[in-house]
Amino acid sequence: MLPNSKEQAARRKRGINVFVLLFGVLLIATFLTHVVPAGEYARVEVNGRNVVDPQSYKAIEQTPVSVFSLFSAIHTGMVDAGEIIFFVLIIGGAFGVLTATGAVDAFIRSLSKKLGNKEKWLIPIMMLFFAFAGAFTGMAEETLAYIPILVPLAVSLGFDVITGTAIVLVGASIGFTTAIMNPFTVGIAQGIAQLPIFSGIGYRIILFVIMYAVSVGFIYRYAMKVKKDRSLGFYGEGVAAFEQIAPTTDQPLSQTHKWVLICFLFNFVALIYGVLQFQWYITEISALFVILAIVITLISRMSADQLIESFMKGAAGMLTGALIIGLSRATLVVLGDGHVIDTLLFHASGMLHEIPPVLSAAGMYILQALIHFVVPSGSGQAALTMPIMAPLADLVGVTRQTAVLSFSLADGIGNIIFPTSGYFMAGLALAGIPWIRWAKWILPLILTQFGIGLVAVIIANWMHYGPF
């Protein structure tokens, strides 16, 4: 937990409220149902999934959404997204139990201490840990707990506040961007697109390696320059602040912690096997994480009350994201009731048909990046955009897997530059780094990552990244 003063500073720097933005989108959607002609495509089943028949579009009678229906759509959206919402809450609850055992915190402290005299290895090894956490658990807000550990360590080794903060934020972002098995982005997006969950993992692993190498190289070069000339670094408020907020206890990595971490690792082995061998989906994955929570509770000898308390705390941490998913779905409910989604698809596909499919994929990627500025929640953006992007991909000759990749790459890269990203701004506030200072420093890396993502999307569609 951050001290109250830091919490308040973080809240002040979060800026635009995502719920206000989404409600504005909902109002715009309602307005569109009054001015955009209603129309619809016929849907046909192909290999077990519903796809749009591109030749079947027809205009139908206008069905504008009333003001009262606008507000009732919020509840309908929550209900429609219930499967995804409860999946997010259950996964969050399981992570809450894992956090309560102290195993992850002890592991990071132990690893940081071992690397204390090996500063050249600190950046690649710690970034790899956070990258794996982002790729497999969707670590985002949880990174805030580790900034107070890494920043003082980085400064003590001759680096600066930006280096310590970047190890955590950029590290987790690498994994979140490539989303090897991120249940909150790729998992949700693929489910909506009717793709096998976590399919296409091989290509995402390749992108993970590339993004990791580029990002580590960027931060390492900067850190070494600061180490040679401390006047090039940034120290600001962070050093003084961390003297007060850095944890005073140093919990060692116990045998119990090791068993908890082994179970956590085994959980992902079982998850991969179940998804590939038995086509597990949200329900089965949720069950697996509930089992994990119970097993690590027994190993760490937590009481039943502690299990429930930590599970509820973890689920509560995901409540904002869950509500964003529901509100995002409300927009789709309004557009669906007004029968304008297919009209928008019809005109969008008409414009995209004028350019090669490769550029259509690039256009989706750029559009997702712009949407991410307004909807910084990965799961919320997936719920908002994929019901439209998946059928649009079918219409313009782009694979659905490429459409999902366009979303996940654009979403992850924006998390460490856009001021609408709540946890990112909270991290900067915690470290005492002004957003302008951070933005100027990280912009070359962001542009490089965005370029890699653009090329990756183009190649993905060229090779018919699938299964479909």
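If you scan segment 129-147, which residues turn out to be over 13 Å from the mean Cα position of the chain (by Cα) and either open to solvent by less than 10 Å² (accessible area, probe 1.4 Å) or of a type in the set (S, T, Y) (or both)?
F130, Y146, I147
Kindly state which helices (runs of 4 or more DSSP H) lie completely within segment 397-468 and contain at least 1 residues that are closer than 20 Å to D160 by Cα and among the small types (G, A, S).
By residue number, 422-431, 435-462.
Just to check your reading of the model, which residue among G336, G363, G321 is of a type in the set (G, A, S), modelled with pLDDT under 80 and either in a helix (DSSP H, G or I) or open to solvent by 20 Å² or more (accessible area, probe 1.4 Å) (or both)?
Just a single option satisfies the conditions, and that option is G321.
Does segment 95-128 hold any residues that are within 20 Å of the chain's Cα centre (by Cα) and surrounded by fewer than 21 Cβ atoms within 10 Å (Cβ to Cβ), and which are they?
Residues satisfying the conditions are T99, L128.
Return the residues of segment 70-104 that are under 23 Å from E309 (Cα atoms), among the β-branched types (V, I, T) and modelled with pLDDT of 90 or more; say none if nothing qualifies.
The answer is I90, V97, T101.
Just for segment 339-358: of the residues that are in contact (Cβ under 8 Å) with a residue 60 or more places away in the chain and assigned to a helix (DSSP H, G or I), which one is nearest to D411 (Cα to Cα)?
Across segment 339-358, the extreme among qualifying residues is V358.
In the list P391, P387, P434, P419, which residue meets the criterion of being touching a residue at least 12 places away in the same chain (Cβ under 8 Å) and touching a strand residue (DSSP E or B) at 6+ places or on another chain (Cβ under 6 Å)?
Checking each option against the conditions leaves just P391.
Given I452, I446, which one is open to solvent by less than 30 Å² (accessible area, probe 1.4 Å) and out of contact with any Lys or Arg (no Cβ under 6 Å at 6 or more places or on another chain)?
I446
When I206 is evaluated against the numbered criteria (1) within 30 Å of Y273 (Cβ to Cβ); (2) surrounded by 23 or more Cβ atoms within 10 Å (Cβ to Cβ), which criterion, by number, is the only one it fails?
Among (1) within 30 Å of Y273 (Cβ to Cβ); (2) surrounded by 23 or more Cβ atoms within 10 Å (Cβ to Cβ), the lone unmet condition for I206 is (2).
Considering only residues that are more than 31 Å from the chain's Cα centre (by Cα), surrounded by 15 or more Cβ atoms within 10 Å (Cβ to Cβ) and in a strand (DSSP E or B), which ones fall in segment 40-80?
If the condition is that a residue be more than 31 Å from the chain's Cα centre (by Cα), surrounded by 15 or more Cβ atoms within 10 Å (Cβ to Cβ) and in a strand (DSSP E or B), then E40 is the only one that fits.
Could you check segment 36-93 and list, in sequence order, the residues that are touching a Lys or Arg at 6+ places or on another chain (Cβ under 9 Å) and closer than 17 Å to D342 by Cα?
Scanning segment 36-93 gives G39, E40, Y41, A42, N50, V51, V52, D53, S56.
The values are calculated or read from the model by the stated rules, or taken from the named source; none is laboratory data. None of these values were measured; they are calculated from a predicted model. In this analysis, Cβ positions are derived from the backbone assuming ideal geometry, glycine residues included, and neighbour counts consider all displayed protein chains. The area values use the complete protein model at the heavy-atom level, side chains included, leaving out ligands, DNA and RNA. Shrake-Rupley method; radii C 1.70, N 1.55, O 1.52, S 1.80 Å.
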